[in-house]
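Shown next, in structure tokens, is the structure this report addresses.
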Amino acid sequence: MPYRHRRQPTPWPPASFLGRVGPSVAGKLLTYGRARQYRRGERLLHEGGLDNHVVLLLRGLVKVTSTASGSETLLAVRAPGDIVGEGAAMTGLPRAATVTACERVEARLVSRETFRQLLREEPAVAHHLAALMSERLGFANRRRADFAACSVMVRLARVLVDLAAVCGQAAGGASRMVDVPLSQRELATMIGAGEDSVQRAARRLKAAGLIETAYGSITVVDPSGLRDISDDAQR
């Protein structure tokens, strides 16, 4: 059934899937499938699930987690304009991760058959999807390489730079508040470190004036300073 999507107050983020395909094609994508809303804590996708639709995120943030390593690991945070569930749609394999709403989420669910038909009709969409999937794989590979090669502080700095870019909200000057509730345990699993090590690294970054922390929130005070820490480790 055709769907009239509410206009975005601002364009989709350029790095997001809907931002990449452009407003015309994004508008076309959003006429397919069905609308769905999720409450905070509700799961959009379940790891191991055999369903194979894709989810287009329109409002709200989600966490992507996996228990493949034996305990729940935070893999990524996705924001409005992003697509999730594309792996199962393209391969037909079970879901590789769980996707959970961090807040109230509005989404568009598109069946595998419809989505693959759209890819045939719009070759540019297939190109952008392939590029996005390749970047996500590269991101995961870099994270694994960081576990062995970089200190906990460098790994934490890199993750916070990424999170500030994906879900950061302006907090005065260059500061960006990471607008998603993240526990120390979740940050620890994301960078492959112990909670105590993450706490110590966070204290060092805070003492250096690079971040501010409060219960359940982190503000990146100096994004360029965090990037310098990340870049110095590669030199």
Next on the checklist: Which three numbers, in whole Å and largest first, are the semi-axes of the equivalent ellipsoid of the range 70-144 derived from its Cα gyration tensor as √(5λ)?
Outcome noted: 22, 16, 13
Checklist outcome for this item: For the range 131-139, in residue order, the Karplus 3J(HN,Hα) values (coefficients 6.51, -1.76, 1.60; θ = phi - 60°; whole Hz; Gly and Pro = x) are 5, 5, 5, 5, 5, 5, 5, x, 4
Checklist entry - Looking at Met90, Leu132, Gly70, which one has the Cα that reaches farthest to the positive end of the dipole of the chain (charges on Cβ: Lys, Arg +1; Asp, Glu -1)? => result Met90
Item to check | With 5 Å bins from 0: P(r) over the range 111-235, alpha-carbon pairs, percent | outcome: 2, 10, 18, 20, 16, 10, 8, 7, 6, 2, 0
Next on the checklist: Taking the square root of 5 times each eigenvalue of the Cα gyration tensor, what semi-axes in Å does the equivalent ellipsoid of the range 107-161 have, largest first?
Outcome noted: 34, 12, 9
Next on the checklist: From the C-alpha coordinates alone, can you work out the Kirkwood hydrodynamic radius of the range 24-148, in Å?
Outcome noted: 15.1
Checklist outcome for this item: Beyond 21 Å, the calculated P(r) of the range 5-98 holds a percent of Cα-Cα pairs equal to 35
Item to check | Convex hull volume per residue in cubic angstrom - Cα atoms of the chain | outcome: 131
Next on the checklist: Explain nothing, just the number: dipole magnitude of the chain about its Cα centre with +1 on each Lys and Arg Cβ and -1 on each Asp and Glu Cβ, in debye rounded to the nearest 20.
Outcome noted: 460
Checklist outcome for this item: About its Cα centre, the range 124-208 carries a charge dipole, from +1 on Lys and Arg Cβ atoms and -1 on Asp and Glu Cβ atoms, whose size in debye to the nearest 20 is 240
Checklist entry - Going toward the positive end of the dipole of the chain, with +1 on Lys and Arg Cβ and -1 on Asp and Glu Cβ, which of Leu58, Thr189, Gln169 do you reach last? => result Leu58
Checklist outcome for this item: Rounded to one decimal in nm, the spacing of the 7 Å Cα→Cβ label points at Ala131 and Ala149 is 2.5
Next on the checklist: Rolling a 1.4 angstrom probe over the protein chains, ignoring ligands and nucleic acids, what is the accessible area of Phe139 in square angstrom, nearest 10?
Outcome noted: 60
Item to check | Sorted peptide list for 161-168, 212-219, criterion being average Cβ within 10 angstrom, highest first | outcome: 161-168, 212-219
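Report the gain in length on full extension from Ala208 to Arg34: 0.36 nm times residue separation, minus Cα-Cα distance, nm rounded to one decimal.
Values: separation 174, 0.36 × 174 = 62.64 nm, distance 4.77 nm.
Taking 0.36 nm per residue and subtracting the Cα distance, the gain is 57.9 nm.
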Item to check | Ordering of 83-96, 169-182 by packing [mean C-beta count within 10 Å, highest first] | outcome: 83-96, 169-182
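The values are calculated or read from the model by the stated rules, or taken from the named source; none is laboratory data. This one's a predicted model, so the numbers in the text were calculated from it and none came from an experiment. Because the Cβ atoms are built from the backbone with ideal geometry, glycine has one as well, and the counts that use them run over all protein chains shown. Side chains are part of the model used for accessible areas, which takes the heavy atoms of the whole protein and leaves out ligands, DNA and RNA. Shrake-Rupley method; radii C 1.70, N 1.55, O 1.52, S 1.80 Å.
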